[in-house]
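S.K.: The structure under discussion is supplied below as C-alpha cells; questions concerning it will follow.
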Amino acid sequence: MVLKTPRFPKPGETILGGEFYVFQGGKGANQAVAAARAGGKVHFICKVGNDAFGEAAIQHYTQEDIDVSGILKDEKVATGVAVIAVNAEGENSITVASGANALLVVDEVAMIVEKLVSVQWLITQLETPIEVLIYLARYAREQGKNLILNPAPAASLPDEVYEGLFLITPNETETELLTGIEVTDEVTAKQASEIFKLKGVQNVIITLGSKGAYVSSQSFTGIVAAIKVKAIDTTAAGDVFNGALIVALAEGEDWLEAVQFACKASAISVTKMGAQASAPFREEINV
C-alpha cells in the first residue's frame, strides 16, 4: 500500500499525503515478476494467507506467467503486507508485516524444491525465515545449484549461509551490516567483497544506487555505471535489478553484460510508480 507524501513525517507528526495506490509487492514476489518479465521461466515459492490479498496475489502471478504450484496457503494468518511512503524526491520508507510468509518452513520448501530437479538457478532474500535460507544454501552446495542471495531487509547471517552462495547482492547499508565496512568508493567496495569471499561466497555485487554496482566476479571486477534517469519511485529498484540479473546470468551472459542488463532494467523501473508494476518487460530493456 503506497502513499505519496511531500516528505516523511517526524515521530508523532501527522501530515497530509497525496495519491494512494495498492500494488502487488514483497521482495521475493518483486524479483519473481521482474525475472519473468525479463524473459525467465520462473517457479515461485512462498506462503500467503487464505484471504483476498492472497487470492489476488496468486491470480496476479499467474497472469505474469509465473509457475504458482509452489505457493502455499495458511488458514490462520493473513497475507503479508507492506506500507510504503514515497516522498517528493522518489525516496521510500517501508514497513512490512510478513504475515503468512514468516511461517514458511523448511519441510514445505524442501518438498517443492527437490521436485524442481531441472532448475539450476535459485534466488532468495531475507523476507523468509532464516532456517529456509540455511536449507537452500546447503541444498545448493550439495546439488551444485547456483544460489543468489539478496540480503534484504538487512540482517546478520550465520556463516553456513555464505558457503552455499554463488552470488550475494547487498546494497551499501546491507554491506556495512554484514562486513563492518562502510562502502564509499571502489576501494572500500573491494575490501567488503573480499570479506564476503573469505566467508565462502563465489561472486559479489554491491549495488550503489545511482552510482551503479560494484562487481567482483570470476571474469570481471569493477564498477558498472548506472543509467541516469529522473526517479519517480525507487520502490523495488533493487528487486528488479536482481530479477533481471538472474535471467541474464542463466542465459549465459558474461558478468559485465549481465550487470549492465540489470542496471538498465532497474533504471527503467524507477521511472514508474509501484513495485511489480514498475518492472520492465524484455522488449523495454532491449531497446
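S.K.: Which shape class, rounded, prolate or oblate, goes with the stretch 1-136 when its Cα gyration tensor gives a ≥ b ≥ c as root eigenvalues, a/c under 1.5 marks rounded, and past that a/b bigger than b/c marks prolate?
M.R.: Verdict is prolate for the stretch 1-136.
S.K.: Okay, next question. What is the local net charge at residue 133, summed over the other residues whose Cβ is closer than 11 Å to its Cβ (Lys, Arg +1; Asp, Glu -1)?
M.R.: Result for the local shell: -2.
S.K.: Please figure out what share of the DSSP beta bridges in the chain is antiparallel and state it in percent, rounded to the nearest 5.
M.R.: Percent antiparallel among DSSP bridges in the chain is about 45.
S.K.: Return the FRET efficiency for the residue pair residue 65, residue 13: r is the Cβ-Cβ distance, R0 is 35 Å, and the value is rounded to the nearest 0.05.
M.R.: Once the sixth-power term is evaluated, E becomes 0.20.
S.K.: With r defined as the distance between the Cβ atoms of residue 272 and residue 116 and R0 fixed at 35 Å, what FRET efficiency is calculated, to the nearest 0.05?
M.R.: For R0 = 35 Å, the calculated efficiency reads 0.65.
S.K.: A further question follows. Check cross-link reach from residue 76 to the aspartates and glutamates: straight Cα distance under 18 Å, and skip same-chain residues fewer than eight apart.
M.R.: Qualifying aspartates and glutamates at Cα under 18 Å: 51, 55, 108.
S.K.: If you wrap a convex hull around the C-alpha atoms of the stretch 142-236 and split its volume per residue, what is the figure in Å³?
M.R.: 109 Å³
S.K.: What order, most packed first, do the peptides 47-58, 91-102 have when packing is the mean number of other Cβ atoms within 10 Å of each residue?
M.R.: Taking the mean over residues of other Cβ atoms within 10 Å, the ranking is 47-58, 91-102.
S.K.: Continuing with the same structure: In nm, to one decimal, how far is the residue 194 label point from the residue 254 one, both placed 7 Å along Cα→Cβ?
M.R.: Here the answer is 2.5 nm between the modelled labels.
S.K.: Moving on to the next point. May I ask you to list the aspartates and glutamates whose Cα is less than 20 Å away from that of residue 228, ignoring any residue fewer than eight positions away on the same chain?
M.R.: 89, 91, 172, 185, 186, 239, 257, 283, 284
S.K.: Something else now. With Cβ to Cβ distances under 12 Å as the rule, what net charge do the other residues near residue 142 carry (K, R +1; D, E -1)?
M.R.: +1
S.K.: Which order do the peptides 22-28, 226-232, 173-179 take when ranked by the mean count of other beta-carbon atoms within 10 Å per residue, highest first?
M.R.: 22-28, 173-179, 226-232
S.K.: Rank by packing, highest mean first: peptides 69-80, 236-247, with packing defined as the count of other Cβ atoms within 10 Å averaged across residues.
M.R.: Order by mean packing, descending: 236-247, 69-80.
S.K.: If r is the Cβ-Cβ distance from residue 210 to residue 134 and R0 is 45 Å, what FRET efficiency results, to the nearest 0.05?
M.R.: 0.85
S.K.: Right, here's the next one. Among 4/272; 190/211; 4/264, which pairs are too far apart, with a Cα-Cα distance over 18 Å?
M.R.: 4/264
S.K.: Right, next: Relative contact order for the chain: what percent, with Cα pairs under 8 Å and sequence separation of 6 or more?
M.R.: Answer for the chain is 18 percent.
Bear in mind that the values in this text are calculations on the coordinates, not laboratory data. Computed from a prediction, not measured in an experiment: that's the story for all the values here. Cβ: placed from backbone, ideal geometry, glycine included. Neighbour counts: every protein chain shown.
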